[in-house]
1. Using a simple charge model, +1 on the beta-carbon of Lys and Arg, -1 on the beta-carbon of Asp and Glu, nothing else, what dipole does the range 263-378 show about its Cα centre, in debye to the nearest 20?
2. For the chain, with a Gaussian network of springs between Cα atoms less than 10 Å apart, report the residue from Gly85, Gly132, Gly237 with the top mean-square fluctuation.
3. Cα-based Rg (one decimal) and Dmax (whole number) for the range 65-187, in Å?
4. Let me check I've understood the local charge: for Thr69, count other residues with C-beta under 11 angstrom from its C-beta, Lys and Arg +1, Asp and Glu -1. What total comes out?
5. In nm, to one decimal, how far is the modelled label at Leu135 from the one at Asn45, with both set 7 Å along Cα→Cβ?
6. Roughly speaking, what % of Cα-Cα pairs in the chain are separated by over 28 Å, rounded to a whole number?
7. Given a 1.4 Å probe and the protein chains all in place, what does the accessible area of Glu333 round to, in Å² to the nearest 10?
8. Charges only on Cβ, +1 for Lys and Arg, -1 for Asp and Glu: so what's the dipole of the range 1-156 about the Cα centre, in debye to the nearest 20?
Amino acid sequence: MVRLYGRAKYGNIPDQVRLADAYDDGDGVAKDRALALVWFKAAANYGDAEAQYEMGRAYLLGQGVPRDTAQAADWLRKSAEQGYGPAQVMFGFLYEDGEGVPRDDVQAYTWRTLSLLVPRAVIDKDGRIAAGNDLLGAKLTAAQMAQAEAQIKAWKPAPLTPDQQVSAAIDSVKVNPIHETLNVLRPLAEGGHVRAQYLLGALYGVGMGMPRDPATAIVWYQKAAEQGHPVAQYMLGLAYQKGEDLAKDDAAAIRWLRPAADANIGKAQYLLGILHLGGKGVPPDDVAGRALLQAAADQGESDAQYFLSTLIVAGRGGPADLVEGYKWLLLTEAYRDDDEILGMMAELKADLITKMTPAEIAEAERRAAVWMPTFPKP
């Protein structure tokens, strides 16, 4: 779940839908319809048909949002035009009932028939939709039926938007040769599409399916960062801080990490906090450093959780609190599996236990238990 949240937050559209489904169903996280809709809307805005359907359904039923048939129709239309069967069914019902759109039996019959022709949409297992559509068709005049049949015959899914082209290219990267993905992304990136620019940077930076090319990665990260892409800003700041793919420059790192941290990118908040604590690129500031680590820890960044616990226990940058410090150690332990952090954590944990009462330890465990079911929370 931690990795799913990270991928969703950094712009992976299918993972945004998976995370939304997890919140909707209470699968691995506390059930939360409002948070589910946050992630459905994020994916819907990038053109994901399933997410658009979920937004339409939410507005139609008033689940998690005020009932609004006009918005319902807008989202369902976008999904239906992509050929998403469940949306086509629901959009047809809107036309039949005159909700959010003018009442129109021809359009109702057209969309419901199209839904039955979509192989990927298993939506009519018991035949009720088909039977209902037959009844609706029986009401149409010959002229109306001819109009509907012409529309059905002529229908084609809407062309992919640039956002949808980017998402499709990234979805296919694991099964298609990398040059096919690059051939889609590169012209979009050259045309100024910010997600395409960031994703090109990521592909060249990782070297997925091709030799790693840090210089080209930096070029595309820079372009995306200048357009305000927060993850690209973080990656550029990280490159300046590490000094491997760019000349080390803590001041430049700070300049790029700050907007990424302001955009709630947990890794940027963590790294910016560490730089504040160490006085690198900025004057030393324990208060600001602790606040940034707190923000990152609240999002599940386990490095930040560990270092935050050390600050809280020592009273650095704010009041000391053994209970709260122990809570963050417990959460680090729950979400990390690498020996280095766990070894340091075990040493601090053993020392803390000698200084705490059984009641304080129990309270820390209670706080950790309360926090865990809500994770990850944006």
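1. It works out to roughly 320 debye.
2. Highest fluctuation of the listed residues: Gly132.
3. Gyration radius and largest Cα-Cα distance of the range 65-187: 17.3, 53 Å.
4. For residues surrounding Thr69, the net value is -3.
5. 4.1 nm
6. Of all Cα-Cα distances in the chain, 57 percent exceed 28 Å.
7. Roll a 1.4 Å probe over it and Glu333 shows about 80 Å².
8. Magnitude of the dipole: close to 340 debye.
The values are calculated or read from the model by the stated rules, or taken from the named source; none is laboratory data. Small disclaimer: the values here were computed from a predicted structure and weren't measured. Cβ atoms come from the backbone with ideal geometry, glycine included; neighbour counts cover every protein chain shown. Ligands, DNA and RNA are stripped out before the accessible areas are found, and what is left, the full protein with its side chains, is counted by its heavy atoms. Shrake-Rupley method; radii C 1.70, N 1.55, O 1.52, S 1.80 Å.
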